[in-house]
1. Measure off 7 Å from each Cα along the Cα-to-Cβ vector at Tyr44 and His74, then give the distance between these two points in nanometres to one decimal.
2. Once neighbouring chains are kept in place and the probe is 1.4 Å, which whole percent of the accessible area of the chain is contributed by carbon and sulfur?
3. Give, in nm to one decimal, the length gained when the segment between Glu63 and Lys83 is fully stretched (0.36 nm per residue of separation minus the Cα-Cα distance).
4. With each label point set 7 Å from Cα along the Cα-Cβ vector, what nm distance links Asn136 and Asp90?
5. Have a look at Gln53, Trp147, Ile113 and report the one farthest towards the positive end of the charge dipole of the stretch 7-152, computed about the Cα centre with Cβ charges (Lys/Arg +1, Asp/Glu -1).
6. Express the accessible area of the chain per residue in Å², computed with a 1.4 Å probe while the remaining protein chains stay in the model.
7. Lysine pairs in the stretch 7-152 with Cα distance under 18 Å, only those 8 or more apart or on different chains: how many are there?
8. Can you tell me how the stretch 52-107 classifies by the Cα gyration tensor, rounded, prolate or oblate, using a/c under 1.5 as the rounded cut?
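The values are calculated or read from the model by the stated rules, or taken from the named source; none is laboratory data. Quantities reported herein were computed from a predicted structural model and do not represent experimental measurements. Heads up, the Cβs are rebuilt from the backbone with ideal geometry, glycines too, and the neighbour counts pull from every protein chain shown. The area values use the complete protein model at the heavy-atom level, side chains included, leaving out ligands, DNA and RNA. Shrake-Rupley method; radii C 1.70, N 1.55, O 1.52, S 1.80 Å.
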Amino acid sequence: MDIALDEKQRVRISEILYGLLASSYSFYLKTQNYHWNLKGREFYPMHLLFQNQYEELAGTIDEMAERIRAMGQHVDGGLGTFKEKSFIEDETDSEKSMDAMIQQQIDDHEAIIRYLRKHLPEIEGFEDGATADFINKRLAVHEKMAWMFRCSL
Ligand SMILES: [Fe+2]
């Protein structure tokens, strides 16, 4: 395999993407959990907002995994490994208030934004434009979602 990224660079790019994949998968499940268990006066619009979000995450999770494969690396798709590598914590209280769910979403979006911004310079240093483009797109999506949730509080 010769794509002008050496093995060490492709392994590192895959590690960064895998951290994002595992965390996005946890976030996907957590968002669906909120979609299911939400209660309150604004139930329906928030139920739909959570649905829009987990559907968007489902599409991008696939892109992350396939980009890791394009780097010549294996993707471990097990829940145990995802949990180990995710920086997004599982929700243990699905009875929490709507405002607490919204605040948790804001915190999780911001954690993903920080992760992406932290790793972007390293990816750019490898001149891996395709992964850098993907990260920049994810930054815009998470920043927009964080804004929407902030306005819902
Ligand atoms: Fe549903």
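1. 5.0
2. Roughly 51 percent, rounded to a whole number.
3. Details: separation 20, 0.36 × 20 = 7.20 nm, distance 1.92 nm.
Stretched out fully, the Glu63 to Lys83 stretch lengthens by 5.3 nm.
4. 3.8
5. Trp147
6. 55
7. Qualifying lysine pairs in the stretch 7-152: 7.
8. Note, shape of the stretch 52-107 comes out prolate.
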